[in-house]
């Protein structure tokens, strides 16, 4: 006689189902697809086991979000938010080994867009939430489950809107876990550390604009907006911002040194990080601010000098560096280039200590007795940037035990994105244990 389904029994199927729902977020509200369908799927899975679910659109039709709350034993304790986003970046099927929205389960992996960013964590969360409800389990404190829209475009139609217009959904929440953390990094001799995200650089997208005198393309011309903008963009794109060791990055380096004996000298910290393998792309970008030009737009005809030229720059700024960063940017751009923010979400950093951090470590050790947890800073951004505005302390904790040779960092927004089946099952077990003790 078999017992009720557990989180481990369901998590792979849930992840595959979610991937098959194409929730591509182009950044253009007119062409975004699938978020409503995904929200309805999630709501159905939660309602099926007895949750009272709220589904609401955030700022535009079809930008759907799902919320439910599992009451805890101690209503006086601050609630814990477990959050994930339902949207994914687009994918070109011709570039993939399998169709990116097939959700194929083969060769020991679940394949498809969102497998690691972040329908794996969404599947783990749904699986554990369903198990708790089937068991009639009461956690130590309230748990708020949130599945939101529009993270891949900054959250204007997702968590930003929700924080501004529906803060009641997060009433009593003091701490949160979401992406990108809890995954393993193997450091020789099968020694695994699990990186917990406790800090993020800011996400600031800047539009630059230069104005000049329009004219015929065949004339001599000394007020060309395209030239002015291009020179400023090149200066900014080629600039190397100063090296800054934040508390989180310093703690990461210190703990890796303690475990491996590897040295992280300040004069060559980037070279030292490079020795960590593929994960170096994540941590290596957290010792400097960056400003990468990503878009250029000017002109409408080959023989017409335009009056304006524009560019977009993706800026990622370390905690505590915003004012100094802007001073450097203004000096590099000069007086003839205007700038404005089209997205401006803050950096965040919290101490890597306390009962929640201890609960993460204990849950990981239950499934991997050799596990060691270390803090790290994410060079990108997550929905935590919005939640911190409500005073919520945020971490990235989507636990996965990964094969030592898997280039995990390359799978985020990459071709052939996939997650190991056994890593998903491991994550469901760890998340289950964590939420019972957090």
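Only the coordinates and a few stated rules stand behind these numbers; no lab work does. Values in this document were obtained by computation on a predicted structure and should not be read as measured data. Cβ atoms come from the backbone with ideal geometry, glycine included; neighbour counts cover every protein chain shown.
Miscellaneous remarks
- Rounded to the nearest whole angstrom, the semi-axes of the ellipsoid equivalent to the range 180-240, taken from the Cα gyration tensor as √(5λ), stand at 49, 14, 8, largest first.
- Full extension of the segment from residue 220 to residue 189, taken as 0.36 nm per residue of separation minus the current Cα-Cα distance, would add 4.5 nm.
- The range 94-112 residues near the modelled residue 422 label - backbone nitrogen below 18 Å, point 7 Å along Cα→Cβ: 105-111
- Remark: C-alpha extents of the range 152-260 on the principal axes read 66, 45, 22 Å, sorted largest to smallest.
- Gyration tensor verdict on the range 107-162 (Cα atoms; rounded if a/c is under 1.5, prolate if a/b is larger than b/c, oblate otherwise): oblate
- All Cα-Cα distances of the range 1-49, cut into 10 Å bins from zero to the largest, leave 22, 42, 24, 9, 2, 0 percent in each bin in turn.
- 0 to 90° range, to nearest 10: angle between helix 225-238 axis and the chain longest Cα axis: 50
- Shape box of the range 56-165 [Cα atoms, principal axes, largest first, Å]: 53, 36, 18
- Anisotropy class of the range 1-120 from Cα gyration tensor, a/c 1.5 cut: oblate
- With viscosity 0.692 mPa s and temperature 37 °C, the Kirkwood radius over alpha carbon pairs of the chain converts through Stokes-Einstein to a diffusion coefficient of 143 µm²/s.
- Rounded Å value of the spacing that divides the Cα centres of the range 156-210 and the range 330-392: 5
- Unit Cα scatterers, Debye sum, the range 296-400: log10 I(q)/I(0) for q = 0.15, 0.19, 0.20, 0.21 Å⁻¹: -0.82, -1.07, -1.13, -1.19
- The range 172-212 shape via C-alpha gyration tensor axes, a/c threshold 1.5: oblate
- Working note: Cα atoms of the range 210-347, range along each principal axis, descending, whole Å: 65, 27, 24.
- Using every pair of distinct Cα positions in the range 17-86, the Kirkwood expression returns a hydrodynamic radius of 13.6 angstrom.
- Debye log10 I(q)/I(0) at q = 0.14, 0.26, 0.28 Å⁻¹ for the range 47-113, Cα point scatterers: -0.74, -1.13, -1.19
- Remark on the range 342-389: hydrodynamic radius 12.9 angstrom, per the Kirkwood mean of 1/r across alpha carbon pairs.
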